[in-house]
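Only one structure is covered here, and it is reproduced in the block below.
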């Protein structure tokens with residue numbers, strides 16, 4: 001069963017790739033910061049060409065605060081190592097809104113070691129006679 005969900009959080013990892021059939025898909029991780037100080041990570045994906053273009057042209061970047069909405073898709077798989085059944089939940093995105101951009105730090109200027117200043121020449125105290 002799937003349900004509609006809204007999440008606000010910071011973009012973590014972004015991966016744009018092609019499926020085996022050649023269809024492009026973007027996978028994003030969204031970090032939702034909870035009131036108790038913990039962080040919940042949500043795996044999301046989209047096949048939408050417009051949202052893929054936003055990711056590829058740099059309109060969305062790691063650290064940006066976004067609000068996303070989409071359909072929650074639940075699945076299960078068998079862990080190959082342990083044989084246990086594991087459950088997954090992903091959000092198939094239908095909407096992405098940028099709430100705030102991550103402020104990029106300005107690069108610090110390179111500090112070159114300064115050479116010691118040359119000693120000042122002493123002024124001559126002799127007077128010139130004309």
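The values are calculated or read from the model by the stated rules, or taken from the named source; none is laboratory data. Fair warning: this is a prediction, and the values are worked out from it, not measured in the lab. Cβ: placed from backbone, ideal geometry, glycine included. Neighbour counts: every protein chain shown.
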Residues of segment 1-24 being over 16 Å from residue 64 (Cα atoms) and assigned to a strand (DSSP E or B), which ones? 3, 4, 5, 6, 16, 17, 18, 24
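Check 91, 55, 99 and return the single one that is touching a residue at least 24 places away in the same chain (Cβ under 8 Å), within 17 Å of residue 6 (Cα to Cα), out of contact with any helix residue (DSSP H, G or I) (no Cβ under 7 Å at 6 or more places or on another chain) and buried (at least 16 other Cβ atoms within 10 Å of the Cβ). It would help to see each step written out before you state the result.
Values: 55 fails: within 17 Å of residue 6 (Cα to Cα); 99 fails: buried (at least 16 other Cβ atoms within 10 Å of the Cβ).
Answer to the selection: 91.
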Answer yes if at least one residue in segment 60-72 is modelled with pLDDT under 70 and either surrounded by 10 or more Cβ atoms within 10 Å (Cβ to Cβ) or farther than 30 Å from residue 22 by Cα (or both), and no otherwise. no
Cβ-Cβ under 9 Å pairs, at least 6 apart or on other chains, segment 63-88 side without any contact (Cβ under 8 Å) to a residue 24 or more places away in the chain and on the phi < 0 side of the Ramachandran plot, far side surrounded by fewer than 13 Cβ atoms within 10 Å (Cβ to Cβ) and part of a loop (DSSP other than H, G, I, E, B): 78/84; 85/79; 86/79
With respect to residue 45, is the statement that it is free of Cβ contacts under 8 Å to residues at least 12 places away in the same chain and either within 15 Å of the chain's Cα centre (by Cα) or within 25 Å of residue 3 (Cβ to Cβ) (or both) true? no
